[in-house]
Amino acid sequence: MPMKDLDIGRTQKLLSRIMEFELAGVVRYTHYSLMVTGPNRIPIVQFMKAQASESLLHAQQAGELLTGLGGHPTLQIAEIDETYRHSMRDILEESAAHESRALTLYKELLDVVEESSVYLEEFARTQIAAEEMHSLELRKMMRDIGVEDTGHPFHTHHDEPKRRKRRK
């Protein structure tokens with residue numbers, strides 16, 4: 001099967017959006033690492049700092065691809081929603097929403113580059129796998145704070161959790 005032509009303009013736009021979004025992730029996760037309180041603070045702060053570092057790496061990777069395709073990375077970052085609520089539940093739910101949006105961007109990239117560039121396709125698939133793993137980790141972290149597991153591995157439920165009835 002012959003490869004199709006790469007839509008360089010669309011690919012550049014997506015890589016630029018991904019770069020901006022990942023840079024916003026650096027700010028978001030650094031902020032969260034500073035706001036975490038409570039008895040599990042230390043491991044959660046480490047997790048958030050690791051997420052910030054990984055977001056920076058992903059932004060750099062997207063930027064390298066963007067400039068390799070002749071694009072010019074912006075100095076902007078994506079908009080960051082701030083709820084000013086910093087409970088563990090809020091932080092983890094906001095993190096899950098962020099990861100979900102990142103997953104959407106990488107899936108869009110895959111749709112654009114699939115069967116056009118083996119390298120870009122593999123990059124997109126690798127990033128999708130990483131974002132799916134982050135979503136799974138966040139789901140596991142949220143279980144302990146009463147966020148209902150919806151059963152779908154890459155979706156979080158933002159409604160109030162249902163109370164389980166105790167068996168006698």
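The values are calculated or read from the model by the stated rules, or taken from the named source; none is laboratory data. What you are looking at is a predicted structure, and each value in this text was computed from that prediction instead of being measured. Glycine gets a Cβ as well: all are built from the backbone with ideal geometry, and neighbour counts include every protein chain shown.
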**Item:** Among the candidates Ser100, Ser87, Ser33, Ser53, residue that is surrounded by fewer than 16 Cβ atoms within 10 Å (Cβ to Cβ) and closer than 20 Å to Met133 by Cα
**Value:** Ser53
**Asked** Restricting region 1-52 to residues that are among the charged types (D, E, K, R) and in a helix (DSSP H, G or I), which is farthest from Glu64 (Cα to Cα)?
**Response** Arg41
**Prompt:** Among all residue pairs at least 6 apart or on different chains, which show Cβ distances below 7 Å where the first residue, located in region 78-90, is in contact (Cβ under 8 Å) with a residue 60 or more places away in the chain and the second is hydrophobic (A, V, I, L, M, F, W, C)?
**Reply:** Ala78/Phe21; Ala78/Ala24
**Request:** Look through Leu75, Leu92, Leu110 and report the one residue that is in contact with a Lys or Arg (Cβ under 8 Å, 6 or more places away or on another chain) and among the hydrophobic types (A, V, I, L, M, F, W, C).
**Result:** Leu110
**All positions within region 38-57 that are under 15 Å from Leu138 (Cα atoms), at pLDDT 95 or above and among the polar types (S, T, N, Q)** = Gln46, Gln51
**Message:** Restricting to region 1-25, name every residue that is of a type in the set (A, V, I, L, M) and within 19 Å of Thr104 (Cα to Cα).
**Reply:** Leu14, Leu15, Ile18, Met19, Leu23, Ala24
**Criterion (touching a His at 6+ places or on another chain (Cβ under 7 Å), small (Gly, Ala, Ser) and at pLDDT 95 or above) met by exactly one of Gly63, Gly25** = Gly25
**Request:** Kindly provide the set of residues from region 53-79 that are under 18 Å from the mean Cα position of the chain (by Cα), of a type in the set (Asp, Glu) and assigned to a helix (DSSP H, G or I), ordered by number.
**Result:** Glu54
